[in-house]
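One structure below.
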Amino acid sequence: MSGHNKWSTIKHKKGAADAKRGKIFSRVSKEIIMAAKEGGGDPALNARLRSAIAAAKAANMPNDNIERSIKKGCGGGDGVQMESLSYEGYAAGGVAVIVNCLSDNRNRTAADIRSFFTKHNCSLAGSGAVSWKFHRKARFVIEGENANEEKLFELLLDGGADVEDISVDDDVAEIIGPPESFSSILKILEDNKIPVSESSVAMIPENVTTITDVNVARQVQKFLDILEDYDDAQEVFNDMEISDEVAEQLAADED
């Protein structure tokens, strides 16, 4: 899982540097809507909503936008009904891909996703064909001076949180735990005033598909970038692991 996480970290940094504000607002707004829809509009009682609001504020989203998104999730606002949709398939090299979407038009989203897979010679699979390879996990990303493995372990274990793994690479820490530990981990981080760059209940692969050919890695990454840039896509997960050498070549492509 380390290689996969390392590439995730590289993409996280690159994405943070290159992301357009409008797309960030759209993605965070959808997460607020979905969190409010599933757990209610009170952030004090809804850890996922609280985390989404924190991400929105970190992105400098105006409070009016945040409140409007919460109202939409609770059935207010303009009456648009958002629906969670999930698609599974395989990219080049047999890399497993899951795309979770949030959409107000199921038919449009299904047609778009099918088109992306077809145009890039990828295979769209049925429900469950890929997801069995993944486990849902609570995932948090901490950056900067707080990305200290020993410190984070001590805080979380002393606080009684169930943590499975903490990895640190180049001042970026990734915390992994069971999905039911999301609220407890978030509360401990909040209580200790540790800012969270990313938080979610993510799909983490049990095993990885190792790619050693840089050209295949480029094909997969191009496809993943297209999916991540799609307006209806909320989350994109994959099981690709690449070597440090291939990761450096991919990073050089983007310089």
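Any residue at all in segment 230-238 that is of a type in the set (Gly, Ala, Ser), within 23 Å of GLU143 (Cα to Cα) and either in contact with a helix residue (DSSP H, G or I) (Cβ under 6 Å, 6 or more places away or on another chain) or not assigned by TED's automatic domain parsing to the domain that holds ALA96 (or both)?
No, because not a single residue in segment 230-238 is of a type in the set (Gly, Ala, Ser), within 23 Å of GLU143 (Cα to Cα) and either in contact with a helix residue (DSSP H, G or I) (Cβ under 6 Å, 6 or more places away or on another chain) or not assigned by TED's automatic domain parsing to the domain that holds ALA96 (or both).
Report whether or not SER127 is outside any strand (DSSP E or B), of a type in the set (S, T, N, Q) and at pLDDT below 95.
Here the answer is yes, as SER127 does meet what is asked.
For segment 136-176, name all the residues that are under 18 Å from the mean Cα position of the chain (by Cα) and either in the same structural domain as VAL220 (by TED's automatic domain parsing) or of a type in the set (Lys, Arg) (or both).
ARG136, LYS137, ARG139
Within segment 41-71, work out how many residues are of a type in the set (Gly, Ala, Ser), part of a loop (DSSP other than H, G, I, E, B) and touching a residue at least 24 places away in the same chain (Cβ under 8 Å).
2
Filter segment 111-151 down to the residues that are of a type in the set (S, T, N, Q) and under 20 Å from ALA233 (Cα atoms) and list them by number.
Selection gives SER115, THR118, ASN121, SER123, SER127, SER131.
With the condition kept exactly as written, say whether any residue in segment 35-52 is at pLDDT 85 or above, surrounded by 13 or more Cβ atoms within 10 Å (Cβ to Cβ) and touching a Pro at 6+ places or on another chain (Cβ under 7 Å).
So far as segment 35-52 goes, yes, one or more of its residues are at pLDDT 85 or above, surrounded by 13 or more Cβ atoms within 10 Å (Cβ to Cβ) and touching a Pro at 6+ places or on another chain (Cβ under 7 Å).
What single numbered condition from (1) small (Gly, Ala, Ser); (2) assigned by TED's automatic domain parsing to the domain that holds THR118; (3) in a loop (DSSP other than H, G, I, E, B) fails to hold for ALA217?
Just one mismatch for ALA217, condition (3).
The values are calculated or read from the model by the stated rules, or taken from the named source; none is laboratory data. None of these values were measured; they are calculated from a predicted model. Because the Cβ atoms are built from the backbone with ideal geometry, glycine has one as well, and the counts that use them run over all protein chains shown.
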